[in-house]
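The values are calculated or read from the model by the stated rules, or taken from the named source; none is laboratory data. Bear in mind the structure is a predicted one, so any value in this text is a computation, not a measurement. When we count neighbours, we look across all protein chains shown, and the Cβ atoms used for this are built from the backbone with ideal geometry, even at glycine. The area values use the complete protein model at the heavy-atom level, side chains included, leaving out ligands, DNA and RNA. Shrake-Rupley method; radii C 1.70, N 1.55, O 1.52, S 1.80 Å.
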Amino acid sequence: MDANFDMKFYRERWKAVEEIERHELRAMSIETHWKQINKLIRFAIVHGLTRGDDDGEMEVFLRWAKLRGHA
């Protein structure tokens, strides 16, 4: 098989998936979207990724630096 053809097919497939996801997001109701966002926030709070209040920009930056291993 031609490696270039395989790579082109792979990229085109993921572009199609991306377009389907974009369409689904546009079609999603505001209520459903907010429910998904709230689930993510609750997950982050339960797992200690955030305290649920405004951490401030510097604290967020430091947390990301720690997660990346730079602190």
Legend entry - Per residue value of the accessible surface for the chain (all protein chains in place, 1.4 Å probe), Å²: 98 Å²
Inset, instruction - Using a 1.4 angstrom probe on heavy atoms only, work out the carbon and sulfur share of the accessible area of the chain in %. - result: 62 percent
Legend entry - For His33, net neighbour charge (Lys/Arg +1, Asp/Glu -1) across residues whose Cβ lies under 12 Å away: +1
Inset, instruction - Starting from the Cα-Cα distance between Ala3 and Trp64, subtract it from 0.36 nm times their residue separation and give me the gain in nm to one decimal. - result: 18.2 nm
Inset, instruction - Translational diffusion coefficient, Stokes-Einstein: compute it for the chain using the Kirkwood radius over C-alpha pairs as Rh, at 4 °C and 1.567 mPa s, and state it as an integer in µm² s⁻¹. - result: 81 µm²/s
Legend entry - Electrostatic dipole magnitude of the chain [Cβ: Lys, Arg +1; Asp, Glu -1; Cα centre; debye, to 20]: 160 debye
Inset, instruction - Once you have the Cα-Cα distance between Met28 and Arg11, take 0.36 nm times their residue separation minus that, and quote the gain in nm to one decimal. - result: 3.6 nm
